[in-house]
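The values are calculated or read from the model by the stated rules, or taken from the named source; none is laboratory data. Please read these numbers as outputs of a predicted model, since none were measured by experiment. Backbone-built Cβ (ideal geometry, glycine too); neighbour counts: all protein chains shown.
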Amino acid sequence: MPEKPKLLITRRLRDAVQARAARDYQVVLNDDDRVFTRTELIEKCQHVDAVLPCHSEHFSADVIAEMPKRLKIIANHSVGVDHVDLGAAKKAGIVVTNTPDVLSDATAEIAMLCMLGAARRGAEGDAMVRAGKWDFWSPAFMVGRQVSGKRFGVLGMGRVGQVAAERARGFGMEIHYHNRKPLPDHLAKGAIFHDSIEDLFAQSDVLSLHCPSTPETKGIINSKTIAMLPDRAILVNTARGNLVDEDALVAALESGKLFAAGLDVFCSEPGGNPRISALDNVFLLPHIGSATEETRDAMGFRALDNLDAYFQGKEPGDRVA
């Protein structure tokens, strides 16, 4: 019987996922569930055939240059792959996969939570009640913005963006979007396409970010583009923190240009941005877009499906490099 491939799992996964991995592979676990340093990541990869990382492990070109020839595949436990230099991996002959589809519903749910939490001053109200400071009421008390009937702008109408748009339709919102190209009618479902971000932003009472992080999209939300939004718009980001220039965001929230923001992701993770956290008109979550029992199991199983296919001599279904 051939020896099982040796697999490094860089972070603590769900029990069912780790049990399946242990059944089919020689598994090396990170029992402390902490982020490896660059040196530790390189060292841990020296004696394995495959690695199953999360977005917390960064396979930059210089890290990939240190990978051993025996390492054949990086099977990411994420849909985003901006933490892996795909060109360097391809040049090194390392296959890279991700886990699309399975986290769309969970992330779209978080986008709705961020939108509603921002619009209805959820963080401010929660903090007030928890601190025992709710001692007043009047018709002018804690007045937020209603999203029903407003315009919901989607930047990046991929899998998650489409599900978020569907959820927003449940609030009677009018859907607008910008993509590299228009969706076919059966996917757009009446959503209005804009061929420029300028046109989209001008029509977005709520702007929800669902595009990947690329050199073109990094910092796409900045002082210039925020100025394109309607006054008192709401920004929602459940995609990647570096899509947003956080200094420009703070300025817009402080000035009132933006009514509020709902954020699940930040430029610095973990930890977030203290300047943003100090504001009342933000609803903040610690990057938990895909953090449901069902989705985290599905992500782990999808990563293992890709590994299984590769080691069975088949093309992994979710290959990105």
**Item:** Close pairs from the stretch 263-291: first farther than 30 Å from residue 98 by Cα, partner of a type in the set (Phe, Trp, Tyr) and surrounded by 18 or more Cβ atoms within 10 Å (Cβ to Cβ), Cβ under 8 Å, at least 6 apart
**Value:** 276/266; 281/259
**Request:** Would you check which residues across the stretch 1-53 are among the hydrophobic types (A, V, I, L, M, F, W, C), within 17 Å of residue 296 (Cβ to Cβ) and in contact with a helix residue (DSSP H, G or I) (Cβ under 8 Å, 6 or more places away or on another chain) and list them?
**Result:** 9, 13, 16, 17, 21, 29, 52
**Prompt:** For the stretch 182-193, does any single residue satisfy the condition of being buried (at least 20 other Cβ atoms within 10 Å of the Cβ) and either part of a helix (DSSP H, G or I) or not polar (S, T, N, Q) (or both)?
**Reply:** yes
**Prompt:** Name the residues in the stretch 254-300 that are assigned to a helix (DSSP H, G or I) and surrounded by fewer than 22 Cβ atoms within 10 Å (Cβ to Cβ), would you?
**Reply:** 254, 255, 274, 275, 276, 277, 293, 294, 295, 296, 297, 298
**Asked** Is there any pair linking a residue in the stretch 175-202 that is assigned by TED's automatic domain parsing to the domain that holds residue 159 and touching a residue at least 40 places away in the same chain (Cβ under 8 Å) to one that is in a helix (DSSP H, G or I) and surrounded by 15 or more Cβ atoms within 10 Å (Cβ to Cβ), with Cβ under 7 Å and at least six apart or on different chains, and which?
**Response** 197/225; 201/225
**Message:** For the structure I just gave you, tell me whether residue 170 is more than 24 Å from residue 79 (Cβ to Cβ) and surrounded by fewer than 15 Cβ atoms within 10 Å (Cβ to Cβ).
**Reply:** no
**Complete:** Going through the stretch 303-317 in order, the residues found to be over 16 Å from residue 20 (Cα atoms) and of a type in the set (Gly, Ala, Ser) are 313, 317
**Item:** Only listed residue being touching a Pro at 6+ places or on another chain (Cβ under 7 Å), closer than 30 Å to residue 207 by Cα and among the acidic types (Asp, Glu), chosen from 82, 105
**Value:** 82
**Among residues of the stretch 198-224, those that are part of a helix (DSSP H, G or I) and crowded, with 19+ Cβ neighbours inside 10 Å, counted** = 2
**Asked** Does residue 96 qualify as being in the same structural domain as residue 28 (by TED's automatic domain parsing) and in contact with a strand residue (DSSP E or B) (Cβ under 6 Å, 6 or more places away or on another chain)?
**Response** yes
**Asked** Based on what the data block shows, is residue 22 farther than 17 Å from residue 311 by Cβ and either of a type in the set (Gly, Ala, Ser) or in contact (Cβ under 8 Å) with a residue 60 or more places away in the chain (or both)?
**Response** no
**Asked** Does residue 162 meet the test of being under 24 Å from the mean Cα position of the chain (by Cα) and either in a loop (DSSP other than H, G, I, E, B) or of a type outside the set (Asp, Glu) (or both)?
**Response** yes
**Prompt:** What do you reckon, is residue 124 assigned by TED's automatic domain parsing to the domain that holds residue 297, of a type in the set (Asp, Glu) and at pLDDT 95 or above?
**Reply:** no
**Message:** Against the definition (in contact with a Gly (Cβ under 9 Å, 6 or more places away or on another chain), in a strand (DSSP E or B) and within 21 Å of residue 277 (Cβ to Cβ)), how does residue 175 come out, yes or no?
**Reply:** no
